Amino acid sequence: MSDSSTLTRRATVGAAAVGALALAASSVAQADDSSIAPLLKVLRAHDYAYMQHDVKGVLATMTENVFLLGSGTAEIWKGRKEVATAYEHFFKDFDKGSESFEAIFHEGAISGNIGYFTAALRVNTMKGSKKKQFPLNLSVAFAKVKESWFITGLHYSTSSSGKPGA
């Protein structure tokens, strides 16, 4: 984590990962998967706030004890304060609304008061005139709290080569 290239990679991948949540959910929603409709609603709310660089809006979709887990052991954030800090860094690495995602695979389910959503994606993003492309795996855990669904955990990873389709 002390290396600036690691921080840049972490921010790039993290920014794409959190943005990929609802964009992947949108592809599922088009398939009309009503079995996970409550989860997709949370993901869309998350995505709207994310695309606006709205940390408070993003946190409104999460439990108090949310965690964010990246590809390496230095990429762990626990609790809303740490997750907010991570998102603020992610926002610096991409232009608002510049991401596009191709869903390769997605799956989700609800059982009682817990749910999950997972996806494999190809990501394209921009910062200024610089384009980036890479593969991304994403897993999201949900909890139902007082009749409402929230993100309780998010894990993202990418291939160590950073090459799309790897």
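Some observations on this one:
- In this simple spin-label model, placing a label point 7 Å from the Cα along the Cα-to-Cβ direction at both Ser148 and Ser35 gives a separation of 2.7 nm.
- Separation of the Asn65 and Glu88 label points, Cα + 7 Å toward Cβ, nm: 2.5
- Computed label-point distance, nm, for sites Lys56 and Asn124 using a 7 Å Cα→Cβ extension: 3.5
- Region 68-113: proportion of alpha-carbon pairs further apart than 15 angstrom, %: 66
- Over all distinct Cα-Cα pairs of region 78-166, the Kirkwood formula returns a hydrodynamic radius of 14.8 Å.
- Across the cross-link table entries Lys81/Lys131; Lys81/Lys146; Lys92/Lys144; Lys56/Lys131; Lys96/Lys146; Lys56/Lys144, which are compared at the Cα atoms, the separations over 25 Å belong to Lys81/Lys131; Lys92/Lys144; Lys56/Lys131; Lys96/Lys146.
Computed from the coordinates by the stated procedures, all read-outs in this text should not be read as laboratory data. Keep in mind that this is a model prediction, so the values were computed, not measured. Backbone-built Cβ (ideal geometry, glycine too); neighbour counts: all protein chains shown.
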